[in-house]
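Report on the structure given below.
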């Protein structure tokens, strides 16, 4: 895997407001173009505009640590940053809003997989006919109610079986 470089060829970039500004900052302040790009990205983000960031990232710019920290604070609500220093947040929003419950995210899916694995392992240890006792045992160990453990195990078991028959 290669690490992206910050050797941005500003001369071959189309004229965009942010490319022009980065070139000006680089020459006026006598700083590397990558540093100027980061300054422009943060300035645009402070104005609530993500176009410069998106454009430079698409072009292969690898931001400096300070820019990544700024973006991380914008992405994390409750980061403790003052509204003066971070007047905008970057939020995730569905492009196709749907009614009803949201699909499970990565954390609940991981939890369900771990529950399945624990119940499966416990059933393997106890032998045939140990479904109920394995569910009860895992629920007690994990501090969950039996219904949640049973639902997670049964749902994943049926998905695995569907994929095996496909």
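Derivation of every value follows stated rules applied to the coordinates shown; laboratory data play no part. Quantities reported herein were computed from a predicted structural model and do not represent experimental measurements. Neighbour counts run over all protein chains shown; Cβ positions are idealised from the backbone, glycine included.
Of note:
- Per-residue [θ]222 nm for the chain (sum of -39500 (n - 2.57) over DSSP H runs n ≥ 4, rounded to 500): -19500 deg cm²/dmol
- Relative intensity, log₁₀ I(q)/I(0), of the range 99-166 from a Debye sum that treats every alpha carbon as a point, q = 0.17 Å⁻¹: -0.63
- With neighbour counts taken as other beta-carbon atoms within 10 Å, the residues 55, 113 rank, fewest first, as 113, 55.
- Across all Cα pairs in the chain, the calculated P(r) in 5 Å bins from zero up to the longest distance comes to 1, 7, 12, 12, 9, 9, 8, 7, 9, 9, 7, 5, 3, 1, 0, 0 percent per bin.
- Sorting 27, 82, 148 by the number of Cβ atoms found within 10 Å of their own Cβ, with the fewest placed first, yields 82, 27, 148.
- Taking Cα atoms only, the orientation of helix 17-29 departs from the longest principal axis of the chain by about 60 degrees.
- Against the compact-protein benchmark of 2.2 N^0.38 Å, the Cα-based radius of gyration of the range 10-75 scales to 1.02.
- Between 0 and 90 degrees, the angle of helix 65-75 with respect to the longest Cα principal axis of the chain falls at about 60 degrees.
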